[in-house]
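Before any comments, here is the structure.
The values are calculated or read from the model by the stated rules, or taken from the named source; none is laboratory data. Predicted, not measured: the structure shown is a model, and the values here were computed from it. So basically every Cβ, Gly included, is an ideal-geometry build from the backbone, and we count neighbours across all protein chains shown. Remember, those area values only see protein heavy atoms, side chains included, never the ligands or the DNA or RNA. Shrake-Rupley method; radii C 1.70, N 1.55, O 1.52, S 1.80 Å.
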2 protein chains.
Amino acid sequence: MKLKRSSRLVDMTEYLLRHPHQVIPLSYFSERYASAKSSISEDLTIIKENFETQEIGRLQTQAGATGGVCYMPSMGRTEAAQLLSDLREQMTQEDRLLPGGYLYMTDILGKPEYINAIGRLIASVFSDKQLDAVMTMETKGIPLAYAVASQCSVPVVVVRRSSKVTEGSTVSINYISGSSKRIQTMVLPRRSLHEHARVLIVDDFMKAGGTMKGMMNMIKEFGGEVAGMAVFVEKKDEVPKLVDQYVSLLKLSIPEQEGMLTIENGNVDEWLSKSLLSHK
Amino acid sequence: MKLKRSSRLVDMTEYLLRHPHQVIPLSYFSERYASAKSSISEDLTIIKENFETQEIGRLQTQAGATGGVCYMPSMGRTEAAQLLSDLREQMTQEDRLLPGGYLYMTDILGKPEYINAIGRLIASVFSDKQLDAVMTMETKGIPLAYAVASQCSVPVVVVRRSSKVTEGSTVSINYISGSSKRIQTMVLPRRSLHEHARVLIVDDFMKAGGTMKGMMNMIKEFGGEVAGMAVFVEKKDEVPKLVDQYVSLLKLSIPEQEGMLTIENGNVDEWLSKSLLSHK
C-alpha cells in the first residue's frame, strides 16, 4: 500500500517501538509502504531526531546492502529522576511498614506503568550490552524481568525454589541466604539457557545479596556469563553485601526502633550517566 | 517547544501507545507542542486513520471543554490468526510432551514478544469493558496478566498459594481443584481490591477450571465483580468444566496413548469478532 509521509511516520514509529533491539532492513519499510529507500531514510531522520530530543531512545542506522535500522530504547536523566522521585514518594507513605520490618510494596509492583518505566530505566543502563536472556527468581521479580526483557527483545528465565512437573528436567543448586544464613535451593529447567549465554539478572529486592549470588552461580553452572545485575530496592543497612557491581534504583533504611523509614536513590544515576555519555 | 507536524506525529504516536485507555486532554498536546488545538485535531485524524488501517487500535475523541483523546489498543483478525498459527506451530514441535502428559511451554511463555502479543489480543476482546484490575494465580500466569494489564492501564493482583510476610494481612479461601479434586488454599492481600472492583481473570492454563472458579469466589469475597475470564491454553478433554463464559486462545488434546498432541484454536476468534463488530 502506498502511504504518505505523515502516515508512514505514524506507522514506522509504532513498528520501531514494538521491535526494540531488532535490526529492521530498510527494504522492509520500502516494500511495506511502496516507497523509495531515499524517502524511508528521510522518514527515519525525522524519527531519530524526535526520539533523541524527547530522550526516548536512539535509532542506529547501518549502511550497506544488509543495512537497516535498530531502535534502542533509553530513558533520559530528567525522566529517570522524575520516576525515582515518584517512587520514593509512594514508598514513604504511611502504613507501608509491616510487622517485622518488612515493607509493603505489592501495590506499586502491581502497576504496569511503574513496572514498565522501571524496566525501561534498567534496559537503558544496559543498552550497550549484548544480552541473550534476563534472569529472575520467582515470584516478585517476574514482572520486572519481563519489562526489562521486552525492551531488550530477549527471553526471560525464571529460577524457582522447587522444580515444577511442567518444566521437565532441572538443574538444582544450593546457596546461602545472605541475611538469614540458611541453606536454600534454587532450580532452573535444563533447557533454559545455552552455553555462553549472556545473562542480565534482575530482582525486586536485595538484602545481603544471597539470592543474587545464587543466580550468578546458577549461570556459571550452565556455562553462561553474567552480563549485569539490577535490583529495584536494596536494603542499605544490610552489610557486607555478597555481590558488587550491581545497579540499584532505590536504597531503603528501616530504623531499629519503630520509626520513619527512609528511602534514597540508589546508584542508578551514575550507571545511567555512563551509558548515556558513551553515545554523545 | 514548537514542533512541526512530522515531529508532532512521531511524538504523539509514541505518547498514545504508552498511555492506552487514558483520556488525554487536547490541551495537553497543544501546550506540549505550542500548537493550536485545530492542528492537534488534524494530527489526531491522521493517527486515527493509520491505527485503523493497520488494525492496531482505535482513537476515541471526546468533544467539549473536558474533551480529549483516548487510545484503545486492539488486534485485527489477520494479526490474531497469524499469532495463533505461530503459537500452534511452536507448541506442536517435538519433545514438548513431558512424562505424565504435561506440556513444556516455559520457553514460549518466556518470550516477551509472544507474551505481549497474547496480552494485546486478550485486551482487544475486553476493550469495551470497564476494568479496575487484572487477577491471576502465581506463578505462570503473572507475565500474561501484566501484558494484559499494560494494555488496559489497570493494576495486577496476584493470588498466592500461601501468604507472604511482605504482603500484610490476607484473605484466604479454600477451593477444590477441578481435576485432582483436592482441597487447596488461595490467599490475597487484604489491600488488593476495593469493593465493587471489576476484575478480569487471566491464566496460562486451564484444565477443569477449579483455579478459575476459586478466583471467582475470591473476587466475590472482596465484594468485587468478575468482568471476564481468559486463558491462554485450555485442555480439551477435561470435561465437565467448572466455569463457562471464558475466552481461550488455544485448545490442547493429549492422547491417552503416547502419541501426537493436537492443538487447535480456542474460542477467541468468536469473542474478537464480536468485540470488533461492535465498533463498525
Protein heavy-atom accessible area occluded, A/B pair - total, 1.4 Å probe, Å²: 4400
Per residue accessible area in Å² of the protein assembly as shown, where ligands, DNA and RNA are left out and the probe is 1.4 Å: 44
B:Thr53 versus B:Gln90: modelled label distance in nm, points set 7 Å from Cα along the beta carbon direction: 3.0
The protein assembly as shown: C-alpha gyration tensor shape, a/c 1.5 cut-off, then a/b vs b/c: rounded
Nm distances between copies for A:Arg58, ranked from closest, using label points 7 Å along Cα→Cβ: 4.1
Amide H contacts of A:Val171 (H built 1.01 Å from N, under 5 Å, at least 5 apart or other chain): A:Leu188, A:Arg190
DSSP-defined antiparallel bridges as percent of all bridges, segment B:77-277, nearest 5: 40
A:Asn174 paired with A:Lys4, simple spin-label distance in nm, labels 7 Å along Cα-to-beta-carbon: 7.1
Hz values of 3J(HN,Hα) by residue in segment A:229-236 - Karplus curve (6.51, -1.76, 1.60), Gly and Pro given as x: 9, 9, 10, 6, 10, 10, 8, 5
Per-copy distances of the B:Asp95 label point, shortest first, in nm (7 angstrom along Cα→Cβ): 5.4
Kirkwood Rh (inverse of mean 1/r, distinct Cα pairs), segment A:77-277, angstrom: 17.3
Between segment A:87-151 and segment A:202-280, the Cα center-to-center distance that results, in Å: 12
Distant-in-sequence amide H partners of A:Ala133 (H built 1.01 Å from N, under 5 Å): A:Arg198, A:Leu200
Net charge contributed by nearby residues that have their C-beta within less than 12 Å of B:Thr139 (K/R +1, D/E -1): +2
Of the trypsin sites (Lys or Arg not before Pro) in segment A:182-229, those whose Cβ has at most 13 other Cβ within 10 Å and which sit in DSSP loop: A:Arg182, A:Arg190
J(HN,Hα) series, segment A:69-74, from Karplus relation 6.51 cos²θ - 1.76 cosθ + 1.60, nearest Hz, glycine and proline x: 10, 9, 9, 10, x, 8
Alpha carbon convex hull of segment B:161-243, projected area averaged over orientations, nm²: 5.5
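Net charge near B:Phe126, counting Lys/Arg +1 and Asp/Glu -1 over other residues with Cβ under 12 Å of its Cβ?
+3
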Copy-to-copy label separations for A:Asn174, where each label sits 7 Å from Cα toward Cβ, in nm and ascending: 3.7
Within the accessible area of the protein assembly as shown (1.4 Å probe), percent carbon and sulfur: 48
